[in-house]
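Trainee: The structure under discussion is supplied below as structure tokens; questions concerning it will follow.
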Amino acid sequence: FAAGKVSGVFVNAAPGLSFIGDPGIPRTYTSQKFSDFEPRVGFSWDPTGSGRQTLRSSYSIFYDSPELNYSTHPGQGAPWGSTVTLSSPVGGLTNPFAGYPGGNPFPSPVPPSKDQAFPLSGAYFDIPLNLQPTYAQEWDFSYQRQIGANWLFTATYLGNKTTHSWVGTEANPGVYIPCTCSGKACSTTANLNQRCVGDRQNPGTGAYYSTMARSDGGANSEYNGLLFSARRRFSNNYTILANYTYSHCISEANFVGELAGPGYQNPYNRNADRGNCAFDLRHVFNLSLVARAPAIRGNRVATVLLSNWQIAPIVSVRSGSPFTPLSGVDNSMTGIGLDRPNVVGDPYVRDTNRLLWLSPLAFTPNQAGTFGNAGAYSLSGPGYFDVDLAISRVFSVHETQRLEARFEAFNSTNHVHLATPVATENNARFGQITSAGDPRILQFAMKYQF
């Protein structure tokens, strides 16, 4: 763009745009990688040879393949999709192209011709030619020990690191101008397109660009966890499986499988978004039990009605989900819309009786042209507790026929699963919990097998 390089495939394309057929542009729009190496190694060792304890460890590398939809995004820009982004159009939504040079640019001809016109304020998606493939390294170490005839205990360390996560970032953000122009602020949401990087560099050709989503392959994530589990195999009419995980996941951004939006508050500082992963649950506990009533002998009525009933509860307890506080306004004037506020005090109230989780007084808006100090996914919501329950019984009707009755209760205790609070600082209900998960749900089923 700076050099004024234009395409020979579409002669009216703005400087900086290249297409298949231009020098140096592969048919895949990105360089191919043939050297991906995916080693996998592991071992299992019984220290005593008794068959009652085991040490295991493994290491592996896995490369990821993007979904097919990822590569279709560049086609949403001109000359095919011709997406246009206008900030505060003069005619509003009723007539968005009022005052737009040349009027409404749609519809575009299909297929596009070599001299296809390119619209002003066009939106584009960019997949860099040298984009590195995403890969994950995974490793673990575990110790298993059998106690008695029925119990198995396991302690496992789990770790992984994801490198080159693909995250959308804004390549043409607005530039904040701190002075006044003709008695008014030079930086407003209405003149975003005129303040974008390209337009500031060259107002003539920069006017052909608005938002530009670029795939950034520089984000990483790390996960470390300890998993403890205990299992009792089915004996004496019951079995138990319990596990507890203590873990922490950290990343610069969270891969959502799209190139459709920016992932960073500040497109020039991905490290400012380094923090908890969106799915970081520090503590997770699960317990499942299956118990069966023994057969009752001697009394036919009691045998038919009370024998062989099975109960299977599942208990789940975990830490609150992380979330990001947002300013709700584009004070940074970048046009990205991910501004975070400043944290100036203890953010938590945690008053579930009043459904007030955060203190609004602990936050202040980020100043114009700046970014707030609140971290991405730096806050956590209410914890989670749930008990699901299933009661079932199989009745033998004939040698080859059975009738199964099953009753299930999800959230059987009717515990209130509070959602994360309103996280937008300029919202009047900021910090309040306004929603919750499902209440108790009951269902009954019968199945006849023959």
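Trainee: Identify, please: which residue in segment 232-253 is over 31 Å from the mean Cα position of the chain (by Cα) and surrounded by 17 or more Cβ atoms within 10 Å (Cβ to Cβ) and is, among those, farthest from Q310 (Cα to Cα)? Don't jump to the end; show me each part of the working.
Mentor: Of the residues in segment 232-253, the ones over 31 Å from the mean Cα position of the chain (by Cα) are 232-240.
Checking which are surrounded by 17 or more Cβ atoms within 10 Å (Cβ to Cβ) leaves us with 232, 239.
Details: R232: 17, T239: 11 Å.
Filtering first and then ranking leaves R232.
Trainee: Given (1) within 25 Å of the chain's Cα centre (by Cα); (2) closer than 30 Å to A293 by Cα, where does T324 come up short, assuming only one miss?
Mentor: (2)
Trainee: Determine whether segment 416-423 contains at least one residue that is part of a strand (DSSP E or B), surrounded by 15 or more Cβ atoms within 10 Å (Cβ to Cβ) and under 28 Å from the mean Cα position of the chain (by Cα). Break it down into steps so the answer makes sense when it comes.
Mentor: Start the filter on segment 416-423 by keeping residues that are part of a strand (DSSP E or B), which leaves 418.
Going one step further and asking which of them are surrounded by 15 or more Cβ atoms within 10 Å (Cβ to Cβ), we end up with 418.
From the residues that got through so far, the ones that are under 28 Å from the mean Cα position of the chain (by Cα) too are 418.
The answer is yes, given that some residue of segment 416-423 is part of a strand (DSSP E or B), surrounded by 15 or more Cβ atoms within 10 Å (Cβ to Cβ) and under 28 Å from the mean Cα position of the chain (by Cα).
Trainee: Still on this structure: Restricting attention to segment 49-82, which residues are of a type outside the set (A, V, I, L, M, F, W, C), loosely packed, with under 14 Cβ neighbours inside 10 Å and under 30 Å from F37 (Cβ atoms)?
Mentor: Y63, S65, E67, N69, T72
Trainee: Can you tell me which residue within segment 297-318, out of those that are polar (S, T, N, Q) and open to solvent by 30 Å² or more (accessible area, probe 1.4 Å), is nearest to V387 (Cα to Cα)? Write out each step before concluding.
Mentor: Restricting attention to segment 297-318, the residues satisfying the condition of being polar (S, T, N, Q) are 299, 303, 307-308, 310, 316.
Filter again for open to solvent by 30 Å² or more (accessible area, probe 1.4 Å), leaving 299, 303, 308, 310.
Numbers: N299: 34, T303: 29, N308: 22, Q310: 16 Å.
Only one residue fits best here, namely Q310.
Trainee: Output the qualifying pairs, or none if there are none: Cβ atoms under 8 angstrom, residues six or more apart or on different chains, first residue in segment 30-47 and basic (K, R), second residue open to solvent by less than 100 Å² (accessible area, probe 1.4 Å) and assigned to a loop (DSSP other than H, G, I, E, B).
Mentor: K33/Q132; K33/P133
Trainee: Can you confirm whether F279 is under 29 Å from Y384 (Cβ atoms), of a type in the set (F, W, Y), modelled with pLDDT under 80 and assigned to a loop (DSSP other than H, G, I, E, B)? Working first, answer last.
Mentor: On the way: under 29 Å from Y384 (Cβ atoms): yes; of a type in the set (F, W, Y): yes; modelled with pLDDT under 80: no; assigned to a loop (DSSP other than H, G, I, E, B): yes.
No.
Trainee: Is segment 155-163 home to any residue that is under 30 Å from G51 (Cβ atoms) and hydroxyl-bearing (S, T, Y)?
Mentor: Looking through segment 155-163, at least one residue is under 30 Å from G51 (Cβ atoms) and hydroxyl-bearing (S, T, Y).
Trainee: If S142 meets every condition in (1) surrounded by fewer than 17 Cβ atoms within 10 Å (Cβ to Cβ); (2) farther than 19 Å from Q76 by Cβ; (3) within 36 Å of the chain's Cα centre (by Cα); (4) not basic (K, R) apart from one, which number is that one?
Mentor: Among (1) surrounded by fewer than 17 Cβ atoms within 10 Å (Cβ to Cβ); (2) farther than 19 Å from Q76 by Cβ; (3) within 36 Å of the chain's Cα centre (by Cα); (4) not basic (K, R), the lone unmet condition for S142 is (1).
Trainee: Further question: Test each condition in (1) open to solvent by 50 Å² or more (accessible area, probe 1.4 Å); (2) at pLDDT below 90 for Q201 and report the one that comes out false.
Mentor: (2)
Trainee: Could you list, in sequence order, all residues of segment 1-27 that are in contact with a helix residue (DSSP H, G or I) (Cβ under 8 Å, 6 or more places away or on another chain) and either surrounded by fewer than 16 Cβ atoms within 10 Å (Cβ to Cβ) or of a type in the set (A, V, I, L, M) (or both)?
Mentor: Once the filter is applied, which keeps residues that are in contact with a helix residue (DSSP H, G or I) (Cβ under 8 Å, 6 or more places away or on another chain) and either surrounded by fewer than 16 Cβ atoms within 10 Å (Cβ to Cβ) or of a type in the set (A, V, I, L, M) (or both), segment 1-27 yields A2, G4, A14.
Trainee: Considering S359, S380, S392, which residue is in contact (Cβ under 8 Å) with a residue 60 or more places away in the chain, under 23 Å from the mean Cα position of the chain (by Cα) and either more than 30 Å from V175 (Cβ to Cβ) or crowded, with 17+ Cβ neighbours inside 10 Å (or both)? Explain how you work it out, then say what you get.
Mentor: On the way: S359 fails: under 23 Å from the mean Cα position of the chain (by Cα); S392 fails: under 23 Å from the mean Cα position of the chain (by Cα).
Going through S359, S380, S392 in turn, just one is in contact (Cβ under 8 Å) with a residue 60 or more places away in the chain, under 23 Å from the mean Cα position of the chain (by Cα) and either more than 30 Å from V175 (Cβ to Cβ) or crowded, with 17+ Cβ neighbours inside 10 Å (or both): S380.
Trainee: Kindly check whether there is at least one residue in segment 56-68 that is within 25 Å of K161 (Cβ to Cβ), free of Cβ contacts under 8 Å to residues at least 24 places away in the same chain and of a type in the set (A, V, I, L, M, F, W, C).
Mentor: Taking every residue of segment 56-68 in turn, none turns out to be within 25 Å of K161 (Cβ to Cβ), free of Cβ contacts under 8 Å to residues at least 24 places away in the same chain and of a type in the set (A, V, I, L, M, F, W, C).
Trainee: Name the pairs: first residue in segment 404-424 and over 23 Å from T324 (Cα atoms), second residue assigned to a loop (DSSP other than H, G, I, E, B) and not polar (S, T, N, Q), Cβ to Cβ under 6 Å, at least 6 apart or on different chains?
Mentor: N411/R440; N414/P439; N414/R440
Trainee: Here's a follow-up. In segment 122-225, which strands (runs of 3 or more DSSP E) lie fully inside it and hold 3 or more residues that are of a type in the set (A, V, I, L, M, F, W, C)?
Mentor: Working: elements: 122-126, 135-147, 151-170.
In segment 122-225, 135-147, 151-170 are the strands (runs of 3 or more DSSP E) which contain 3 or more residues that are of a type in the set (A, V, I, L, M, F, W, C).
Trainee: Go through S65, S113, S60 for me and flag whichever is of a type in the set (G, A, S), within 24 Å of the chain's Cα centre (by Cα) and assigned to a loop (DSSP other than H, G, I, E, B). Steps first, please.
Mentor: Numbers: S113 fails: within 24 Å of the chain's Cα centre (by Cα); S60 fails: assigned to a loop (DSSP other than H, G, I, E, B).
Just a single option satisfies the conditions, and that option is S65.
Trainee: Being open to solvent by less than 60 Å² (accessible area, probe 1.4 Å) and part of a strand (DSSP E or B) is the filter here, so list the residues in segment 395-413 that pass it. Step through it out loud before you land on a result.
Mentor: If we filter segment 395-413 for residues that are open to solvent by less than 60 Å² (accessible area, probe 1.4 Å), which is where we start, we get 395, 401, 403-405, 408-409, 411-412.
Selection gives F395, Q401, L403, E404, A405, E408, A409.
Trainee: Restricting to segment 335-378, what's the tally of residues that are outside any loop (DSSP other than H, G, I, E, B), out of contact with any helix residue (DSSP H, G or I) (no Cβ under 7 Å at 6 or more places or on another chain) and under 30 Å from H417 (Cβ atoms)? Steps first, please.
Mentor: If we filter segment 335-378 for residues that are outside any loop (DSSP other than H, G, I, E, B), which is where we start, we get 342-343, 348-351, 356-358, 360-364.
Still in the list and also out of contact with any helix residue (DSSP H, G or I) (no Cβ under 7 Å at 6 or more places or on another chain): 342, 348-351, 356-358, 360-364.
From what's left, under 30 Å from H417 (Cβ atoms): 348-351, 356-358, 360-363.
Count: 11.
Trainee: Hey, another quick one. Out of P79, P89, report the one residue that is part of a loop (DSSP other than H, G, I, E, B), more than 30 Å from T154 (Cβ to Cβ), of a type outside the set (S, T, Y) and free of Cβ contacts under 8 Å to residues at least 24 places away in the same chain. Spell out the reasoning first.
Mentor: On the way: P79 fails: free of Cβ contacts under 8 Å to residues at least 24 places away in the same chain.
None of the other options fit; the residue is P89.
The values are calculated or read from the model by the stated rules, or taken from the named source; none is laboratory data. These numbers were taken from a predicted model, which means no experiment stands behind them. Cβ sites come from the backbone with ideal geometry, for glycine too, and all protein chains shown count toward neighbours. Each accessible area value is taken on the protein alone, full model and side chains, heavy atoms only, with ligands, DNA and RNA left out. Shrake-Rupley method; radii C 1.70, N 1.55, O 1.52, S 1.80 Å.
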